[in-house]
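The values are calculated or read from the model by the stated rules, or taken from the named source; none is laboratory data. Not measured: the values here are computed from a predicted model. Every residue, glycine as well, gets a Cβ built from its backbone with ideal geometry; the counts of neighbours run over all protein chains shown. Areas reflect the complete protein model, heavy atoms only, side chains present, ligands, DNA and RNA absent. Shrake-Rupley method; radii C 1.70, N 1.55, O 1.52, S 1.80 Å.
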Amino acid sequence: MPFLVQVDCLAGKDHLFKRNIILIKAWCYYERRILGAHDIHLCFETLILYIFHVFHASLNGRVEVLHRFLDYFAKFDWDNCCISFDGPVCKSSLPSLAGKKQVKGSTITNYVKRCQYALGLI
């Protein structure tokens, strides 16, 4: 969990990132009865991390993050794309992604890249 703690510190705003992991997972489990919502931690955390990556400057409260999360992913083209921290990826391009470099971005993006390097993933 050190990675998520670091991301939460970078995101700031009174632990808005961690609080929204709990809120969104609870919403999915209790309100929508999404199968496996209590077991698929990394999936939710990746989706929430992407919302913070894109909308961080405009996110100020838990309900606002939940709204952005639901609005963005309700309109997402799940049939043709998948999501990564760097953004939507066409499923048809997945075999050709190996070895491509990503564009530099936010503080959180830079932290993710440092973690990937430290873990020997890049």
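Restricting the first member to the range 53-71 and to residues that are part of a helix (DSSP H, G or I), and the second to residues that are of a type in the set (Phe, Trp, Tyr), the beta-carbon pairs closer than 6 Å and six or more apart or on different chains are 68/55. As a summary of the residue check, residue 88 satisfies the conditions (1) part of a helix (DSSP H, G or I); (2) within 12 Å of the chain's Cα centre (by Cα) except for the one numbered (1). Residue pairs whose Cβ atoms lie under 8 Å apart, sitting 6 or more positions apart in sequence or on different chains, and linking a residue in the range 17-29 that is on the phi > 0 side of the Ramachandran plot to a partner that is open to solvent by 40 Å² or more (accessible area, probe 1.4 Å), do not occur here. Residue count for the range 11-47 satisfying the condition of being modelled with pLDDT under 80, closer than 16 Å to residue 66 by Cα and out of contact with any Lys or Arg (no Cβ under 7 Å at 6 or more places or on another chain): 8.
Restricting attention to the range 50-103 and to residues that are at pLDDT below 80 and under 25 Å from residue 21 (Cα atoms), the residue that is least open to solvent (accessible area, probe 1.4 Å) turns out to be 85.
Restricted to the range 72-85, and to residues there that are touching a helix residue (DSSP H, G or I) at 6+ places or on another chain (Cβ under 9 Å) and in a loop (DSSP other than H, G, I, E, B), the residue that is nearest to residue 43 (Cα to Cα) is 85.
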